[in-house]
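Reviewing the structure listed below.
The values are calculated or read from the model by the stated rules, or taken from the named source; none is laboratory data. Predicted, not measured: the structure shown is a model, and the values here were computed from it. No Cβ is skipped: glycine too gets one built from the backbone with ideal geometry, and neighbour counts run over all protein chains shown. For accessibility, only protein heavy atoms count, side chains too; no ligands or nucleic acids. Shrake-Rupley method; radii C 1.70, N 1.55, O 1.52, S 1.80 Å.
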Amino acid sequence: MTAVLIVDDQPLVRAGITMLLSAEPDLEVVGEASSGQEALQLARSTRPEVVLMDVRMPGMDGVSATRELVRESRSHPDRLVRVLIMTTFDDEDIVVEALQAGASGYLLKHASPTEIADAIRRVAAGDTWLDATAATRLVQRLRSKSTDHPDVTELLTPREQEVLRFVAAGLSNQDIRDTLVLSEATVKTHVARILFKTGSRDRAAAVALAYRSGFVHPDDPVPTGEISTR
């Protein structure tokens, strides 16, 4: 079971998401919070694996709460928690702030029940989830805002470049494992090396770097696994 904490200042939204997730046999809502401060307190007591976080709330907002949750999680490995931003605002500024604060991804509240459940599972597994309707505009903004970036092709081996393309396309470690016919441990090793070599905090940061540097583009086809055998 994946333990989920729901954070939203609207009771009806919290109730709706709780009801939705109650139909999923592998997801369990362990608490509901109406503010960022309450989310911090409940996360310490309920130990969720994923926090489904709204952005705009009275008092401590979702971005500030995300930053603090991620900081505490890094200081206490036994309390590893990942944050999935869920908002009604298709606003690149908010998304960028949330990802920089350490969020593992975001989706919009109009997402289907299947999308919400899948996003929680992917984030819990250590992957990144980006809402498809806003991802293209987000990466275009990230690319246009920064020209100071490393050359990915000089930093990474051909196999690591291949894995990064899969990560940027939104594939999970399991998907990459099956496509490249590697063990999951090997895939995780490649991902860890990518993060280390590019100086990326997490998968979301590595994906942002890949787009900013022009290594991948929003209209690229999903890679097929035929780039390299090394």
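What length, rounded to one decimal in nm, is gained on full extension from Ala169 through to Asp26, with 0.36 nm per residue of separation minus their alpha-carbon distance?
48.9 nm
To the nearest 20 Debye, how big is the dipole of the chain about its Cα centre, given +1 on the beta carbon of each Lys and Arg and -1 on that of each Asp and Glu? Don't jump to the answer; show the numbers that get you there.
Details: 26 positive and 34 negative charges, 133 e Å.
Result for the chain is approximately 640 debye, rounded to the nearest 20.
I need the calculated FRET efficiency for the pair Leu80 and Phe196, taking r as the beta carbon distance and R₀ as 30 Å, to the nearest 0.05. Let's see the in-between values first.
Details: r = 19 Å, r/R0 = 0.63.
The computed FRET efficiency comes out at 0.95.
Kindly provide log₁₀ I(q)/I(0) values, in the same order as q = 0.22 Å⁻¹, from the Debye equation applied to equal alpha-carbon scatterers of region 1-71.
Ignoring solvent entirely, the Cα scatterers give -0.88.
Between Thr157 and Asp219, take the C-beta separation as r, use R0 = 22 Å, and let me know the FRET efficiency to the nearest 0.05.
Efficiency computed from Cβ-Cβ geometry: 0.30.
Rank Ser112, Ser213, Ser200 by mean-square fluctuation in a GNM of the chain with C-alpha springs under 10 angstrom and give only the top-ranked residue.
Highest fluctuation of the listed residues: Ser112.
What angle, in degrees between 0 and 90 and rounded to the nearest 10, separates the Cα long axis of helix 132-145 from the longest principal axis of the Cα atoms of the chain?
60
Kindly express, to the nearest 10 degrees and within the range 0 to 90, the angle between helix 62-75's C-alpha long axis and the longest C-alpha principal axis of the chain.
70
State, as an integer percentage, the relative contact order of the chain based on alpha-carbon contacts under 8 Å between residues 6 or more apart.
After rounding, I find 15 percent.
Tell me which residues come under 5 Å, amide H to amide H, from Ala33 once H is placed; ignore anything under 5 positions away on its chain.
Ile6, Val7, Asp8
Rounded to the nearest 20 Debye, what is the dipole magnitude of region 45-133 about its Cα centre when Lys and Arg each give +1 and Asp and Glu each give -1 at the C-beta?
For region 45-133, the charge dipole is close to 420 debye.
Normalising by the residue count of region 11-87, find the relative contact order in percent from Cα pairs under 8 Å and 6+ residues apart.
Averaging sequence separation for qualifying contacts and normalising by length gives 28 percent for region 11-87.
Check each of the trypsin sites (Lys or Arg not before Pro) in region 25-68 and keep only those in coil by DSSP with at most 15 other C-beta atoms within 10 angstrom; list them in order. Can you show the working numbers first?
Details: sites: Arg44, Arg56, Arg67; in loops: Arg56.
Of the trypsin sites (Lys or Arg not before Pro), the ones in loops of region 25-68 whose Cβ has at most 15 other Cβ atoms within 10 Å are Arg56.
Give a residue-ordered list of calculated ³J(HN,Hα) values for region 185-193 (Karplus: 6.51 cos²θ - 1.76 cosθ + 1.60, θ = phi - 60°; whole Hz; x for Gly, Pro).
4, 5, 4, 4, 5, 4, 5, 4, 5
Leaving out ligands, DNA and RNA, and with a 1.4 Å probe, what % of the accessible surface on the chain is carbon or sulfur?
51
Given the options Pro113, Pro48, Pro25, which has the most mean-square fluctuation in a GNM of the chain, springs set between C-alpha atoms less than 10 angstrom apart?
Pro25
Note the angle between two axes, namely the Cα long axis of helix 203-212 and the longest principal axis of the Cα atoms of the chain, as a number of degrees from 0 to 90, rounded to the nearest 10.
50
Would you calculate the convex hull of the Cα atoms in the chain and tell me its volume per residue in Å³?
Once divided by residue count, the hull of the chain is 122 Å³.
Name the residue from Thr128, Ala23, Thr88 whose Cα lies farthest towards the positive end of the charge dipole of the chain, charges +1 on Cβ of Lys and Arg and -1 on Cβ of Asp and Glu.
It is Thr128.
Probe of 1.4 angstrom, ligands and nucleic acids ignored: what's the accessible area per residue over the chain, in square angstrom?
Using a 1.4 Å probe on heavy atoms only, each residue of the chain averages 48 Å².
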